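Report on the structure given below.
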Amino acid sequence: MKKQAAGDGPVIIKKYANRRLYNTESSSYITLDHLAAMTREGRDFKVVDAKTDDDITHNVLTQIIMEEESRGQTMLPVNFLRQLIAMYGDSMQAMVPGYLEASMESFRRNHEQFKTAVEGAFANSPFAEIAKRNMQMFEAATKAFKPGAAGEVAAPAPGKGEDVAALKAELARLQEKIEKLGH
């Protein structure tokens, strides 16, 4: 999450008593959904209370997570939440934030390495096109399961069954070629 699009520092977002959020960079009112999108884009921002100028970024990010979790497809398992709550007040509490941050960064790097490895593993081979299509289908599936994306995939697109049939046929042809090469 190190990429930063415009400007040198974080975008300042002011939160007013009426709970409205004001983006000082674009001079416009925004929603929590806008902040979630900025986060996904890697934009750095700081949310401050308009009256006191206190940094309330943590509270707003927590609120975004709560809204995302309430939209249906949850990411935080109940057992994880219970363990996290149990850590409050524990002697190890001070270590948890750093551990969680390092774990998420490692997860993100591993995800990118996996994606690169899958794409590179099949380059210049008969599996290249299938791997490319599978990766596209995987990415489409992960996008479909993101909260808020449900409306985007409400109706199945025509021809999906033919695409699956074509992939199965291609896979069968490649399996036959592999079997012939092995004999």
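The values are calculated or read from the model by the stated rules, or taken from the named source; none is laboratory data. Because the structure is a prediction, the values reported are computed rather than measured. Heads up, the Cβs are rebuilt from the backbone with ideal geometry, glycines too, and the neighbour counts pull from every protein chain shown. Ligands, DNA and RNA are stripped out before the accessible areas are found, and what is left, the full protein with its side chains, is counted by its heavy atoms. Shrake-Rupley method; radii C 1.70, N 1.55, O 1.52, S 1.80 Å.
The table below gives the values:
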{"read-out": "Condition check for residue 47: of a type in the set (Val, Ile, Thr), open to solvent by less than 40 Å² (accessible area, probe 1.4 Å), part of a helix (DSSP H, G or I) and touching a helix residue (DSSP H, G or I) at 6+ places or on another chain (Cβ under 8 Å)", "value": "no"}
{"read-out": "Conditions (1) surrounded by 12 or more Cβ atoms within 10 Å (Cβ to Cβ); (2) modelled with pLDDT of 90 or more; number of the one not met by residue 102", "value": "(1)"}
{"read-out": "Leading residue by the ranking (least open to solvent (accessible area, probe 1.4 Å)) among those in the range 15-30 that are touching a residue at least 12 places away in the same chain (Cβ under 8 Å), part of a strand (DSSP E or B) and not hydrophobic (A, V, I, L, M, F, W, C)", "value": "23"}
{"read-out": "Boolean, residue 117 is among the hydrophobic types (A, V, I, L, M, F, W, C), part of a loop (DSSP other than H, G, I, E, B) and modelled with pLDDT under 80", "value": "no"}
{"read-out": "Qualifying residue in the range 84-97 (condition: of a type outside the set (Val, Ile, Thr), open to solvent by 90 Å² or more (accessible area, probe 1.4 Å) and more than 30 Å from residue 112 (Cβ to Cβ))", "value": "yes"}
{"read-out": "Top-ranked residue in the range 65-83 [being surrounded by fewer than 11 Cβ atoms within 10 Å (Cβ to Cβ) and over 20 Å from residue 97 (Cα atoms); ranked as modelled with the lowest pLDDT]", "value": "72"}
{"read-out": "Looking only at the range 50-64, and only at residues there that are open to solvent by less than 80 Å² (accessible area, probe 1.4 Å) and in a helix (DSSP H, G or I), the one that is nearest to residue 34 (Cα to Cα)", "value": "64"}
{"read-out": "Any chance residue 79 is in contact with a His (Cβ under 9 Å, 6 or more places away or on another chain) and polar (S, T, N, Q)", "value": "no"}
{"read-out": "Index of the failed condition, residue 65 passing every other in (1) over 25 Å from residue 109 (Cβ atoms); (2) within 15 Å of the chain's Cα centre (by Cα)", "value": "(1)"}
{"read-out": "Unique residue being touching a residue at least 24 places away in the same chain (Cβ under 8 Å) and in a helix (DSSP H, G or I) when the list is 101, 112, 67, 105", "value": "67"}
